[in-house]
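Remarks on the structure that follows.
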Amino acid sequence: MNGFKALIPTIFLACSLQAQVAVQLERAAHEDSSYYDVFRLNNGKIWMGGEFGILKQLTGNTLEKIHIPNNGSNILKITQVGDEVYIAADHGTIYRYNLNTKQSVRKVFPGFENLCFYDILPDKDGKLIVCGGNSGIGKGNVRIPKGFIARIDAQLNEAPEIIWSNKFQFAWSLCRDEKGNIATAIFNGRNTRIIEISEQGKFETKATVKGLVHSLNLLQNKLMYAGTQSFRYKQNGTWGIVGDPASHRVIKNSGFISGLVGYNEMVIGYSQQGRVFNLQSNDQAVMLETPSGAVYEAVADAEGILFVGHGKSCFRLNLQSQ
């Protein structure tokens, strides 16, 4: 399927956007693995990772496999520090890939074999902050969360330093906030606390949001969140601005809002039901309903927004304000 291109028919309801063209780079195949993250490197290349350790690079409209010492763990998040790319996975696994040498190493941390690193982000000291919990939770199964936040040295030589843990909560997302500090979303089964981790390592609650916050994003210099109203994640999605309770919105019948991406001064949300929204224009308007199923992550570039998701689907939308 590498390099495959096909136009997707675009169907619109009332909204303020139009998709000039939708190019599908890889078709959804339900029996195939899913992409869980997409990340644009500093050199402009785009990497996509997902189920069973699948990892590819997008160059133009061509997908190329990236070889790592894969142990079959699900890749959940990708980040970059200088020439090193760090790939967080479940089963206590992190990969480090050097862009210059093309060499990579795999580290499985003892004691974390049943846990997933659901998100990863470098801190100001050059260490890695990771968060997550029970790998079963990361796959949508019913498990005891066993949530944690930890620091890991960039060489992956030392055991993770746990800075927060709770057996009955799960830490879903990491993001830099307006101050440059790292914020995280911690779910207790009913509500989500959004926590700021200061440079001194102190934890401060920035907001409490009803339901599950799955993703944090800094857009328009505001920390925004996206998620779902309750455990019934296939029904209603939510989004809002941290610290502004009046901004909280419920998107009916969207499925959970997996995340947000900024594009042409717009905030675009994408959902578990494969729908894409211009959230600031009309909260109820479906901008585009794709044939690819659940959308898990997205990244914007000069050519539009690249979406990845269920069944190893990958497509790009070029959007324009009317």
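Can you give the percent of C-alpha pairs in the stretch 232-276 whose distance is more than 12 Å? For the stretch 232-276, the fraction of Cα-Cα distances above 12 Å is 60 percent. How would you classify the stretch 72-223 from its alpha-carbon gyration tensor, with a ≥ b ≥ c the square roots of the eigenvalues: rounded for a/c under 1.5, else prolate if a/b is greater than b/c, otherwise oblate? Since a/c reaches 1.5 but b/c is at least a/b, the shape of the stretch 72-223 is classed as oblate.
Close amide H pairs (under 5 Å, H built 1.01 Å from N) link Leu219 with Met224, residues at least 5 positions away or on another chain. Phi angles of the stretch 225-230 translate, via the Karplus equation with coefficients 6.51, -1.76, 1.60 and θ = phi - 60°, into HN-Hα couplings of 10, 8, x, 9, 6, 7 Hz per residue; Gly and Pro are given as x. Calculated FRET efficiency, Thr59 to Thr101, Cβ-Cβ distance, R0 = 22 Å: about 0.70 to the nearest 0.05. Of the trypsin sites (Lys or Arg not before Pro) found in the stretch 156-204, the ones in coil according to DSSP and having at most 16 other Cβ atoms within 10 Å of their Cβ are Lys167, Lys179, Arg190, Lys202. If the chain linking Lys45 and Asn71 were pulled fully straight, counting 0.36 nm for each residue of separation and taking away their Cα-Cα distance, it would gain 6.9 nm. In order along the stretch 241-255, the phi-based Karplus estimate (6.51 cos²θ - 1.76 cosθ + 1.60, θ = phi - 60°) of 3J(HN,Hα) comes to 10, 4, x, 10, x, 5, 7, 4, 10, 10, 9, 5, 6, 8, x Hz; Gly and Pro are listed as x.
Calculated FRET efficiency, Ala154 to Ala246, Cβ-Cβ distance, R0 = 51 Å: about 0.80 to the nearest 0.05. For Leu115, the residues whose modelled amide H falls within less than 5 Å of its own, excluding neighbours fewer than 5 places apart on the same chain, are His91, Gly92, Ser135. For Tyr296, the residues whose amide H sits under 5 Å from its own are Val308, Gly309, His310, ignoring neighbours fewer than 5 places away on the same chain, with H placed 1.01 Å from N. Among the GluC sites (Glu not before Pro) in the stretch 140-211, those placed in a DSSP loop whose Cβ has at most 16 other Cβ atoms within 10 Å are Glu158, Glu178, Glu199.
The phi-based Karplus calculation (6.51 cos²θ - 1.76 cosθ + 1.60; θ = phi - 60°) puts the 3J(HN,Hα) values of the stretch 59-71 at 10, x, 10, 10, 9, 10, 6, 9, 8, 10, x, 6, 10 Hz, whole numbers, x for Gly and Pro.
A short reminder: the numbers here are calculations on the coordinates, not readings from a lab. Being a predicted model, the structure only gives us computed values, none of them experimental. Here Cβ is always computed from backbone atoms with ideal geometry, including for glycine, and neighbour counts include all displayed protein chains.
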